Amino acid sequence: MTSNRAVTVFGAYGHTGRFVVAELRKRGWTPILAGRDAAKLKALANLHPGSQVRVATIEERESLDRAISGAGAVINCAGPFLDTSAPLVGAALRARIHYLDVAAEQAAVLAIFKEFADAAREASVVVIPAMAFYGGLSDLLATAAMGDWASADEILILVALDTWKPTRGTRLTGQRNHGPRFIFSNNRLERGDPPPPCRWNFPSPFGQQEMEGLALSETITICRHLNTPEIRAYLNVPAITDVRDPATPTPVAADDSGRSSQIFLMEAVVRNGGAEHRTMARGRDIYAITAPIIVEATERLVNGLTKRTGVLAAGEAFDAREFLTSLSPDHLCFEIE
């Protein structure tokens, strides 16, 4: 175990950042609260006595260096990640500490893999983009479902939400990301049309759902390390309708932890010939569940419990089945066929 229990959280006062800070403190880590708004940082620090406050902006390289000084890792919770990820990865590499973020943005995640792979290996650190509900959880489920198969004919990611009340950050990210999504088909990653709509029969309480193709960061991460020519990602239509409606309100806390009452179910289906492997995770609040996922990953990184260094997808860095089992049942319910 490392003696350095400090972790910088950039964007600590954001909706997801607050969950991450609380989870770090729950596990005995010392969060360093970082971001551009000094007043919001101070207000958050009042809720977490003993936390350090460091004002930093992506435009000022020196401020980022100060923000992560003395930390064992930095967790980036501040989107849009097309703007924040590269400056923070650069700071992490200069300090030779690990970097993780919660990006769902495909272009931002792809840019990290392309631009920082060599530098991260040379610095002997691990950079994991998209270590969140979208991206990280999907990648871990797909990797666990792949099991000992060397390749598969296709991988499906299917998500059902009872509702999706987006945060302000989600709205801003959507506005920042224009144009077609990246899809992975016929062994090629390129911008194109999503897979056609389909129906999927989920376990209770969702049942049969109308699904629409909506590829996010998991398409980028999965195609980096799992051998398959086809990756198809879907989200149920009611959730897509919610997030596309500008009148849908932001999340509302349903308990003292700040979690909303939203429920989710995510399935990964890996098909090979006539055989099929499935994994599933179910739980509550897609923003809140990101905190235990990324903090568990951070603990493992700082303690040297990864397979190798460099820019990695979640399933490359960790034993996917063991990682998911460690989150169950306290944070989510994980099942595997």
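The values are calculated or read from the model by the stated rules, or taken from the named source; none is laboratory data. Quick caveat, the model's predicted, so the values are computed rather than measured. Cβ atoms come from the backbone with ideal geometry, glycine included; neighbour counts cover every protein chain shown.
Can you name every residue in the range 33-83 that is at pLDDT below 95 and buried (at least 23 other Cβ atoms within 10 Å of the Cβ)? Correct list: Gly79 only.
Taking Ile157, is it buried (at least 22 other Cβ atoms within 10 Å of the Cβ) and free of Cβ contacts under 8 Å to residues at least 40 places away in the same chain? So Ile157 does not fit the description; no. Screening Arg278, Arg244, Arg259 for residues that are among the basic types (Lys, Arg) and surrounded by 18 or more Cβ atoms within 10 Å (Cβ to Cβ) leaves exactly one candidate, Arg259. For the range 210-232, give me each residue that is surrounded by fewer than 19 Cβ atoms within 10 Å (Cβ to Cβ) and of a type in the set (S, T, N, Q). Matches in the range 210-232: Asn227 only. Condition test on Asp245, is it under 23 Å from Arg25 (Cβ atoms) and either touching a residue at least 60 places away in the same chain (Cβ under 8 Å) or not aromatic (Phe, Trp, Tyr) (or both)? Judged against the criteria, Asp245 is not a match.
Selection within the range 127-145: residues that are within 16 Å of the chain's Cα centre (by Cα) and in a helix (DSSP H, G or I). The member of this set that is surrounded by the fewest Cβ atoms within 10 Å (Cβ to Cβ) is Thr143. Could you go through the range 161-171 and let me know if any residue there is in contact (Cβ under 8 Å) with a residue 60 or more places away in the chain and farther than 29 Å from Arg199 by Cα. Yes - at least one qualifying residue is present in the range 161-171. Against the numbered list (1) within 26 Å of Gln209 (Cα to Cα); (2) at pLDDT below 95, Thr163 comes up short only at (2).
For the range 178-201, a residue qualifies if it is among the hydrophobic types (A, V, I, L, M, F, W, C) and over 12 Å from Leu235 (Cα atoms), and the qualifying residues are Phe182, Ile183, Phe184, Leu189. Looking only at the range 280-337, residues that are touching a Ser or Thr at 6+ places or on another chain (Cβ under 8 Å), under 25 Å from Ala111 (Cβ atoms), of a type in the set (A, V, I, L, M) and not in a helix (DSSP H, G or I) come to 2 in all. Evaluated against (1) at pLDDT below 95; (2) touching a Cys at 6+ places or on another chain (Cβ under 7 Å), Asp193 falls short on exactly one condition, (2).
Every listed requirement among (1) in a loop (DSSP other than H, G, I, E, B); (2) buried (at least 19 other Cβ atoms within 10 Å of the Cβ) is met by Ser124 save one, (2). Identify the residue in the range 84-121 that is among the basic types (Lys, Arg) and more than 27 Å from Pro194 (Cα to Cα) and, among all such residues, is surrounded by the fewest Cβ atoms within 10 Å (Cβ to Cβ). The selected residue is Arg96. The residue that is surrounded by the fewest Cβ atoms within 10 Å (Cβ to Cβ), counting only those in the range 307-317 that are modelled with pLDDT of 95 or more, of a type outside the set (A, V, I, L, M) and in contact with a strand residue (DSSP E or B) (Cβ under 9 Å, 6 or more places away or on another chain), is Thr309. The residue pairs whose first member lies in the range 1-14 and is more than 19 Å from Ala92 (Cβ to Cβ) and outside the structural domain of Val55 (by TED's automatic domain parsing), whose second member is modelled with pLDDT of 95 or more and assigned to a loop (DSSP other than H, G, I, E, B), and whose beta carbons are closer than 9 Å, counting only pairs six or more residues apart or on different chains, are Met1/Asn303. Tell me, please, whether a residue that is more than 14 Å from the chain's Cα centre (by Cα), farther than 20 Å from Pro205 by Cα and either surrounded by 24 or more Cβ atoms within 10 Å (Cβ to Cβ) or at pLDDT below 95 (or both) can be found in the range 281-302. Yes, the conditions are met somewhere in the range 281-302. Please indicate, with yes or no, whether at least one residue in the range 205-227 is part of a strand (DSSP E or B) and in contact (Cβ under 8 Å) with a residue 60 or more places away in the chain. No, every residue in the range 205-227 fails to be part of a strand (DSSP E or B) and in contact (Cβ under 8 Å) with a residue 60 or more places away in the chain. Within the range 110-129, residues that are modelled with pLDDT of 95 or more sit with their Cβ atoms under 6 Å from residues that are among the basic types (Lys, Arg), at 6+ positions apart or across chains, in these pairs: Ala123/Arg96; Val125/Arg96. Quick check on Ile183: is it buried (at least 24 other Cβ atoms within 10 Å of the Cβ), in a strand (DSSP E or B) and touching a helix residue (DSSP H, G or I) at 6+ places or on another chain (Cβ under 8 Å)? No; evaluated as a whole, the condition is false for this residue.
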